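Sending over a structure as structure tokens; questions will come in a sec.
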Amino acid sequence: MVDWSLARQIARFAAGGGAATVLEADFPALVAENEPHLRDYTGLELAEPMPAPEAVDRAEWADINLSSLGKLLEPVSERLSLRLSMAGPFAGPLRAVTGATMAAESGLVIGYMSQRVLGQYEVSLLDVEEPPRLLVVAPNLAKAVRELKTDRESFLGWIVLHELTHVFQFSGVPWLREHLSGLLREYMRTVEVRIEHGAAGGLPSFPEPSRIVEEFREGGLMAIVQTHEQRQLMKRVQATMAVVEGYSEHVMDVLGERVLPAYAGLREAMERRRRSRSYPERILQRLLGMDLKLRQYEEGKAFCDAVVQRAGIDGLNRVWESPETLPTIGELRKPDAWLARVGPAAAAPAA
């Protein structure tokens, strides 16, 4: 029902320029150089080969993510189409208008995000057969290096450290991908599409499509939480994604300080970039749910830093033992409570 060709056109328009930007960087070399550092520090092992890094422009990034969004929206779109078919003579026009509206809003969301993303480990949570991709958005990296006035090689290496940590998480923790996939599938099962006739008997009314797409990058969740079941699922997704992002933020800082030639100031520069927005941009970010993403980074990193300070990286790695050892939303703000619940890290086997 959704016109994804229209969504792609709008996303490319919203993404703006940047396609012609040339970024002189040897990303395969950066990946090869930093992979051993990540393995040594995290203790995680890859279950499959590291994907080759791909430098893409904004339009390419938008196309990739619109494809992922389409797969995630498919069950909701099917239910919406079925409900619209009950609108009698209005079914055809309503289906066309709704599909175009969802396409436009999806394209605008993804197009805007394509201007900000620096890198992405694109792993499908709904299709485990689809191979992951390691993406770097060249125009945005070039712009960030220029605007932040940081050491170029150190900044690029630092971003690579962040994305490679995600590779180790999803490849090195056997249950993580399936766990998040299960939460998303369960959530999409609970999303009800209701069509109600107006009090005056006019055209049917239905939920705004933006309520389905506005939280796309927040763990892939697509709809406003309403029921108790949805709120509980949302909390579990948020807590898991906060740990995933916070762990990467922690690792990139620890290893950045150890292996990058000019690490000093990178964290401060990144925080400035994340927070320096015009007033209209801040409003748009709030509407898109991106303020929630920023809180995930902050709360997750604070949790991971605190646990490592108290129990070391082995203590923090207890989050990867099973879904049950992941922190709850409340425990993210109380790392001592989480440590008390899961206990100390298992002792290493005797030599």
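Report the full-extension gain for the segment Glu35 to Glu129: residue separation times 0.36 nm, less the Cα-Cα distance, to one decimal in nm.
Stretched out fully, the Glu35 to Glu129 stretch lengthens by 31.5 nm.
Could I ask something else about it? Points 7 angstrom from Cα along the Cβ direction at Glu271 and Lys71: gap in nanometres?
3.7 nm
Under a plain spin-label model, where a point goes 7 Å from the Cα along Cα-to-Cβ, how far apart in nm are Arg152 and Glu324?
Simple spin-label model gives 5.2 nm for this pair.
Mind ranking 241-247, 62-68 by how tightly packed they are, going by the mean number of other C-beta atoms within 10 angstrom, highest first?
Numbers: 241-247: 24.3, 62-68: 20.9.
With the highest mean Cβ count within 10 Å placed first, the list reads 241-247, 62-68.
Another question, then. Taking θ as phi - 60°, what are the ³J(HN,Hα) couplings along the stretch 126-142 by the Karplus curve (6.51, -1.76, 1.60), each to the nearest whole Hz, with x for Gly and Pro?
10, 10, 5, 7, 6, x, x, 10, 10, 10, 10, 8, 4, x, 6, 5, 4
Any chance you could run the full-extension gain for Met86 through Ser5? It's 0.36 nm times the residue separation minus the Cα-Cα distance, nm to one decimal. Numbers along the way, then the final one.
Working: separation 81, 0.36 × 81 = 29.16 nm, distance 2.62 nm.
Result: 26.5 nm gained on full extension.
I would also like to ask the following. Scan around Ala55 for amide H atoms under 5 Å from its own, H built in the peptide plane at 1.01 Å from N, and keep only partners 5 or more places away or cross-chain.
Under 5 Å from the amide H of Ala55: Val136.
Mind listing the long-range amide H neighbours of Thr150? Cut-off is under 5 Å, sequence gap 5 or more, other chains count too, H placed in the peptide plane at 1.01 Å from N.
Counting only residues 5 or more places away or on other chains, the set is empty.
In whole percent, and with a 1.4 Å probe on the protein chains, what portion of the accessible area of the stretch 1-149 is carbon and sulfur?
On the way: 3920 of 6840 Å².
That fraction is 57 percent.
Label point 7 Å out from Glu229 along Cα-to-Cβ: which residues of the stretch 77-98 have amide N under 20 Å?
In the stretch 77-98, the label zone of Glu229 (backbone N under 20 Å from the point 7 Å along Cα→Cβ) covers 77-83.
Let me ask another. Give me the distance between the Cα centres of the stretch 34-65 and the stretch 228-269, rounded to whole Å.
16 Å
Residue by residue through the stretch 106-118, what is 3J(HN,Hα) from phi via Karplus (6.51 cos²θ - 1.76 cosθ + 1.60, θ = phi - 60°)? Round to whole Hz and write x for glycine and proline.
These are the phi-based 3J(HN,Hα) values: 4, x, 5, 4, 5, x, 5, 5, 5, 7, 10, 5, 9 Hz.
Here's a follow-up. How much accessible area per residue does the stretch 31-161 have, in Å², with a 1.4 Å probe? Walk me through the numbers on the way to the answer.
Details: 5370 Å² over 131 residues.
Spelled out: the 1.4 Å probe surface of the stretch 31-161, per residue, equals 41 Å².
In whole Hz, with x marking every Gly and Pro, tabulate ³J(HN,Hα) for the stretch 37-53 from phi via Karplus 6.51 cos²θ - 1.76 cosθ + 1.60, θ = phi - 60°.
Whole-Hz 3J(HN,Hα) from phi for the stretch 37-53: 4, 5, 4, 5, 6, 7, x, 8, 10, 6, 8, 8, x, 5, x, 5, x.
I've got another one for you. Over the stretch 86-167, what is the mean sequence separation of C-alpha contacts under 8 Å (at least six apart), divided by residue count, expressed as relative contact order in percent?
Reported relative contact order: 25 percent.
When ranked by the protection proxy of mean other Cβ atoms within 10 Å per residue, highest first, what sequence do the peptides 113-122, 334-343 form? Mind dumping the intermediate values first?
Values: 113-122: 20.5, 334-343: 15.7.
Output ranking for 113-122, 334-343: 113-122, 334-343.
Cα gyration tensor of the stretch 1-95, axes a ≥ b ≥ c as square roots of the eigenvalues: rounded (a/c below 1.5), prolate (a/b > b/c) or oblate?
Values: a/c = 5.78, a/b = 1.96, b/c = 2.94.
Oblate, since a/c reaches 1.5 and b/c is not below a/b.
Ala96 to Glu186: FRET efficiency via 1/(1 + (r/R0)^6), r the Cβ-Cβ distance, R0 22 Å, to the nearest 0.05? If you can, show how the numbers build up before the last one.
Numbers: r = 31 Å, r/R0 = 1.41.
With a Förster radius of 22 Å, E is 0.10.
The values are calculated or read from the model by the stated rules, or taken from the named source; none is laboratory data. None of the values given here were measured: they were computed from a predicted structure. Because the Cβ atoms are built from the backbone with ideal geometry, glycine has one as well, and the counts that use them run over all protein chains shown. Calculation scope for accessible area: heavy atoms of the full protein, side chains included, ligands and nucleic acids excluded. Shrake-Rupley method; radii C 1.70, N 1.55, O 1.52, S 1.80 Å.
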